[in-house]
1. Return the only residue of SER21, SER78 being part of a strand (DSSP E or B), within 20 Å of ASN133 (Cβ to Cβ) and not assigned by TED's automatic domain parsing to the domain that holds CYS125.
2. Considering only region 91-146, state which residues are charged (D, E, K, R) and within 16 Å of the chain's Cα centre (by Cα).
3. Can you run down the residue pairs with Cβ atoms below 7 Å, 6 or more apart or on separate chains, where the first is in region 60-71 and more than 13 Å from GLU116 (Cβ to Cβ) and the partner is of a type outside the set (A, V, I, L, M, F, W, C) and assigned to a helix (DSSP H, G or I)?
4. Which ones in region 53-75 are assigned to a loop (DSSP other than H, G, I, E, B), over 21 Å from PRO129 (Cβ atoms) and touching a strand residue (DSSP E or B) at 6+ places or on another chain (Cβ under 8 Å)?
5. With ALA58, ALA86, ALA110 as the choices, which residue is surrounded by 13 or more Cβ atoms within 10 Å (Cβ to Cβ), touching a Phe, Trp or Tyr at 6+ places or on another chain (Cβ under 6 Å) and aliphatic (A, V, I, L, M)?
6. Picking from ASP82, ASP40, which residue would you name as being on the phi > 0 side of the Ramachandran plot and of a type in the set (D, E, K, R)?
7. Could you say whether any residue in region 18-40 is in contact (Cβ under 8 Å) with a residue 12 or more places away in the chain, surrounded by fewer than 13 Cβ atoms within 10 Å (Cβ to Cβ) and closer than 19 Å to GLY98 by Cα?
8. With the checklist (1) at pLDDT 95 or above; (2) surrounded by fewer than 11 Cβ atoms within 10 Å (Cβ to Cβ); (3) within 21 Å of THR6 (Cα to Cα) in hand, flag the one item ALA145 doesn't pass.
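The values are calculated or read from the model by the stated rules, or taken from the named source; none is laboratory data. Please read these numbers as outputs of a predicted model, since none were measured by experiment. Using ideal geometry, Cβ is built from the backbone for each residue, glycine included, and neighbour counts are taken over all protein chains shown.
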Amino acid sequence: MSVTKTVRVEAQMGDSFRVQSDIRGHKVIIDQPAAGGGTDEGPTPLEYFLFSLAGCVATIGRIAAKQQKIDLHSFSVSVEADYDPAGLLGKQTDNRSGFQVVRVTAEIEAELSSAEKQAFLDEVCDRCPLHDNIKLATEVVHTLAE
């Protein structure tokens with residue numbers, strides 16, 4: 001029987017766009033570019049989101065390769081996504097605030113045929129929790145702290 005685990009991250013923002021967190025001893029900073037009113041001390045939340053997806057796909061790729069005894073020389077993942085910034089700026093739009101489409105492209109260096117690489121990537125993406133959260137509806141609950 002599997003056990004559900006909880007992952008928790010806390011973030012703090014002061015009087016600027018800079019958001020910081022200490023995640024298991026790793027200092028992480030999110031910011032906006034100077035042109036957007038930030039100080040450009042870190043990637044934007046959207047960039048971190050895409051990086052997280054790329055990192056998750058790559059990590060699951062390494063796990064799957066080890067399990068299948070595939071000698072995975074390298075696994076490069078590129079993620080890009082399109083969105084309409086009007087929603088996050090509070091402007092009227094017919095589009096949702098989030099990404100309209102997310103594209104994941106992988107380059108796999110292993111002794112596998114093209115068909116085997118595609119099947120491997122399909123399995124990896126099916127196993128990736130972040131890919132799953134983007135692909136399928138996930139309940140999101142927001143509350144005020146008391």
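1. Working: SER78 fails: not assigned by TED's automatic domain parsing to the domain that holds CYS125.
It is SER21.
2. Residues satisfying the conditions are ARG103, ASP126, ARG127, ASP132, LYS135.
3. That search, which allows pairs on different chains as well, returns ILE60/ARG127.
4. Matches in region 53-75: HIS73 only.
5. On the way: ALA86 fails: touching a Phe, Trp or Tyr at 6+ places or on another chain (Cβ under 6 Å); ALA110 fails: touching a Phe, Trp or Tyr at 6+ places or on another chain (Cβ under 6 Å).
Sole residue among the options that is surrounded by 13 or more Cβ atoms within 10 Å (Cβ to Cβ), touching a Phe, Trp or Tyr at 6+ places or on another chain (Cβ under 6 Å) and aliphatic (A, V, I, L, M): ALA58.
6. ASP40 is the lone residue from the list that is on the phi > 0 side of the Ramachandran plot and of a type in the set (D, E, K, R).
7. Yes; the residues of region 18-40 include at least one that is in contact (Cβ under 8 Å) with a residue 12 or more places away in the chain, surrounded by fewer than 13 Cβ atoms within 10 Å (Cβ to Cβ) and closer than 19 Å to GLY98 by Cα.
8. For ALA145, the exception is condition (1).
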